[in-house]
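Before any comments, here is the structure.
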């Protein structure tokens, strides 16, 4: 009597699982650059929101929010914008000390992508990218 063989052997299953594992690891590695770009886009959006919130704050108080530049993330800007934290929870967001000059501000994010360190800056003049460390007097310009 001939028996019908149904199902897969253990070896066949292990080979298929190994192939799926290899393919999924290749896909995950290739998505690393896309993740960096997505986090950088989030940072740029946050920096643009800072400019809008600072301008609304200025309309009310005729001065920009002052900050001593210490700490991580960015502070809340009145009721216009809550405190912002970096997508990686590291110190990519920086705020330049503007306590001595409430008529200007400079906040920036350090972007991940690219071969050199790139800063995406916000000031009373708007936003811009730069490769030099921003200061209050020269915030990415």
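So the values come out like this:
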{"item": "Inter-residue pairs, beta-carbon under 8 Å, first at positive phi and surrounded by 10 or more Cβ atoms within 10 Å (Cβ to Cβ) and in segment 16-37, second part of a helix (DSSP H, G or I) and at pLDDT below 90, 6+ apart", "result": "none"}
{"item": "Flag for residue 50 being surrounded by fewer than 11 Cβ atoms within 10 Å (Cβ to Cβ) and part of a helix (DSSP H, G or I)", "result": "no"}
{"item": "Meets criteria (surrounded by 13 or more Cβ atoms within 10 Å (Cβ to Cβ), in a loop (DSSP other than H, G, I, E, B) and modelled with pLDDT of 85 or more) for residue 97", "result": "yes"}
{"item": "Residues being assigned to a helix (DSSP H, G or I) and under 30 Å from residue 86 (Cβ atoms) - total across segment 1-37", "result": "13"}
{"item": "Residues within segment 113-141 that are surrounded by fewer than 19 Cβ atoms within 10 Å (Cβ to Cβ), under 20 Å from residue 35 (Cα atoms) and in contact with a helix residue (DSSP H, G or I) (Cβ under 8 Å, 6 or more places away or on another chain), tallied", "result": "1"}
{"item": "Condition met for residue 57 (surrounded by 13 or more Cβ atoms within 10 Å (Cβ to Cβ) and either over 13 Å from the mean Cα position of the chain (by Cα) or assigned to a helix (DSSP H, G or I) (or both))", "result": "yes"}
{"item": "Members of segment 80-94 that are over 18 Å from residue 59 (Cα atoms) and not in a loop (DSSP other than H, G, I, E, B)", "result": "84, 93, 94"}
{"item": "All positions within segment 64-77 that are touching a helix residue (DSSP H, G or I) at 6+ places or on another chain (Cβ under 8 Å) and at pLDDT 85 or above", "result": "64, 65, 77"}
{"item": "Some residue of segment 41-50 being touching a residue at least 40 places away in the same chain (Cβ under 8 Å) and over 17 Å from residue 89 (Cα atoms)", "result": "yes"}
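The values are calculated or read from the model by the stated rules, or taken from the named source; none is laboratory data. Please read these numbers as outputs of a predicted model, since none were measured by experiment. As a convention, Cβ positions derive from the backbone with ideal geometry for all residues, glycine included, and neighbour counts pool all protein chains shown.
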